[in-house]
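Undergrad: Let me give you the structure first, and then I'll get to my questions.
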Amino acid sequence: MVYYEKNGIVIRDLRQSDAKILTDEEIAQGWDATIDKFEMRLRHQAAGKCISLVAEWNGSVVGYVNIYPDAKSGALANRGYTEIVDFAVLEKYRRRGIGSKLMDIAEEIGFSYSDVIYLGVGLHSGYGSAQRMYIKRGYVPDGSGVWYKDEICKPYAKCQNDDELVLYLCKQRSEKTK
């Protein structure tokens, strides 16, 4: 399904052929990537657990995001809220409005299922642009503190500033988005 198509940007469902392209591109830009996460999203999508979106820019696959309408993990799990998971735009395609449009569509889909959307964002500097974008979009910390390896990180507990150290943010549907 195509959700958006304008000015060279296409937002559509993830396809099997996208998995290798995205994995190869992430490896080329120095990310620790495997095809496994895309194959898992394809399975979840086929089972009706998530909506996995891909962004194209002038015909090239350049980004992705996943929407879990009834999230079973994370800070606000099992409350009927929508979680946005694993959002990315390849570095060489950033600053073109692709990520913003991808998030617009993800939020539109997410708010069709619940009045609250949440997401976890990494805390190291590699997530700096995502952190700024989420705040500008109206996301606020959920109040549960920092999480490490899918659990609340207790005060003074040992953790590592890697991809598993996250802060959960949430956004309430506004009157404009209803």
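The values are calculated or read from the model by the stated rules, or taken from the named source; none is laboratory data. Every value quoted in this text rests on a predicted model; they were computed, and no experiment measured them. FYI the Cβ positions are ideal-geometry reconstructions off the backbone, even for glycines, and counts take in every protein chain you see.
Undergrad: Pairs needed: first member in segment 17-34, more than 14 Å from Ala88 (Cα to Cα); second member anywhere, of a type in the set (Val, Ile, Thr) and in a loop (DSSP other than H, G, I, E, B); C-beta distance under 7 Å; at least 6 residues apart or different chains.
TA: Correct list of pairs: Lys20/Ile35.
Undergrad: What residue, among those in segment 1-56 that are aromatic (Phe, Trp, Tyr) and under 17 Å from the mean Cα position of the chain (by Cα), is surrounded by the most Cβ atoms within 10 Å (Cβ to Cβ)?
TA: Phe38
Undergrad: Also, quick follow-up: Identify, please: which residue in segment 134-144 is surrounded by fewer than 16 Cβ atoms within 10 Å (Cβ to Cβ), assigned to a strand (DSSP E or B) and touching a residue at least 12 places away in the same chain (Cβ under 8 Å) and is, among those, farthest from the chain's Cα centre (by Cα)?
TA: So the residue we want is Ser144.
Undergrad: In segment 113-133, which residue that is small (Gly, Ala, Ser) and touching a residue at least 40 places away in the same chain (Cβ under 8 Å) is surrounded by the most Cβ atoms within 10 Å (Cβ to Cβ)?
TA: If we filter segment 113-133 for residues that are small (Gly, Ala, Ser), which is where we start, we get 114, 120, 122, 125-126, 128-130.
Then drop every residue that is not touching a residue at least 40 places away in the same chain (Cβ under 8 Å), which leaves 114, 120, 122, 130.
Numbers: Ser114: 19, Gly120: 22, Gly122: 17, Ala130: 17.
Checked segment 113-133; the qualifying residue surrounded by the most Cβ atoms within 10 Å (Cβ to Cβ) is Gly120.
Undergrad: Taking segment 1-34 on its own, how many of its residues are farther than 20 Å from Tyr68 by Cβ and among the hydrophobic types (A, V, I, L, M, F, W, C)?
TA: 8
Undergrad: Okay, moving on. Does Ile67 meet the test of being without any contact (Cβ under 8 Å) to a residue 12 or more places away in the chain and out of contact with any Asp or Glu (no Cβ under 7 Å at 6 or more places or on another chain)?
TA: Taking the combined requirement at face value, the residue does not satisfy it.
Undergrad: Are there any pairs with C-beta distances below 8 angstrom linking a residue in segment 157-171 that is under 15 Å from Phe87 (Cα atoms) and among the small types (Gly, Ala, Ser) to a residue that is at pLDDT 95 or above and surrounded by fewer than 20 Cβ atoms within 10 Å (Cβ to Cβ), with the two at least 6 apart or on different chains, and if so which?
TA: none
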